[in-house]
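Novice: Before we start, here is the structure in question, set down as structure tokens.
Derivation of every value follows stated rules applied to the coordinates shown; laboratory data play no part. From a predicted model like this one, the values you see are computed outputs, not experimental measurements. Glycine gets a Cβ as well: all are built from the backbone with ideal geometry, and neighbour counts include every protein chain shown.
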């Protein structure tokens, strides 16, 4: 089975974390790196799933806030447009989608949602630190896929983001929030005739323990869905 993985960062080490994380869950998975620099969106046709990785901010013009561009960091409009096309392709083909950090934000904006441009400036507790590791509690919503796959009602996750979803896309529902109310995970509002989609704001590929249910279980569930897509 093949998973398309968006090229996330200038750091090869951080990007390798995503690939190692998937291989740790299933050594047989083949990861296909896609990016606007490579111009290889067509390789999505060979893949059975899409992983949207972290990175810089989505340009605010895509959700009607072009006048506050100064609040953003490391914006790359070409990457935005490329990844919107990748999401469109995945949804058209009904293959599983997993969004991590920026990946949540990209999918949410594509589906009509909006973002908080700077959480600290908008009155939320800081969700990012200059230290190596920052974490906080999340509270899971009842009757959510995320709750089912983790078997938890709350938990501790890492935190490396200054933006987050503000208004969810109309076809999404919130499945977890932090204690200060920031959206930490989203999924389809209903699974009717839809493939797997899970969007998380934390970095499961960088959790301190790979056996953590908010890391391992997410990778396993995503790849199980990818495998089912491959065999149907």
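Novice: Quick check on the exposure proxy: order 190, 72, 53 from fewest to most C-beta atoms within 10 angstrom. Kindly include the intermediate steps, with their values, before the conclusion.
Specialist: On the way: 190 9, 72 18, 53 25.
Placing the least packed residue first, the sequence is 190, 72, 53.
Novice: Give the dimensionless ratio obtained when the Cα radius of gyration of region 2-231 is divided by 2.2 N^0.38 Å. Each step should come with its number before you reach the end.
Specialist: Numbers: Rg = 16.1 Å, N = 230, 2.2 N^0.38 = 17.4 Å.
Against the compact-globule rule of thumb, the ratio is 0.93.
Novice: Determine, from the Cβ-Cβ distance of residue 23 and residue 75 and an R0 of 41 Å, the FRET efficiency 1/(1 + (r/R0)^6), rounded to the nearest 0.05.
Specialist: E between residue 23 and residue 75, to the nearest 0.05, is 0.85.
Novice: For the chain, calculate the relative contact order in percent as a whole number, restricting contacts to Cα pairs under 8 Å that are 6 or more residues apart. If you can, show how the numbers build up before the last one.
Specialist: On the way: 453 pairs, mean separation 47.8, N = 232.
Worked out over the chain, it gives 21 percent.
Novice: For the pair residue 61 and residue 224, how long in nm is the line joining their label points, each one 7 Å along Cα→Cβ?
Specialist: 4.3
Novice: Run lengths n ≥ 4 of DSSP H only: what is the helix-derived mean residue ellipticity at 222 nm for the chain, with -39500 (n - 2.57) per run over all residues, to the nearest 500? Walk me through the numbers before you get to the answer.
Specialist: Working: 5 runs with 62 residues, N = 232.
Taken over the chain, the calculation gives -8500 deg cm²/dmol.
Novice: Could you tell me what % of all Cα pairs in region 1-123 have separations over 23 Å?
Specialist: Details: 2241 of 7503 pairs.
For region 1-123, the share of Cα pairs beyond 23 Å comes to 30 percent.
Novice: While we're here: Which residue, 48, 143, 24, tops the fluctuation ranking in a GNM of the chain built on C-alpha contacts under 10 Å?
Specialist: Maximum among the listed residues: 143.
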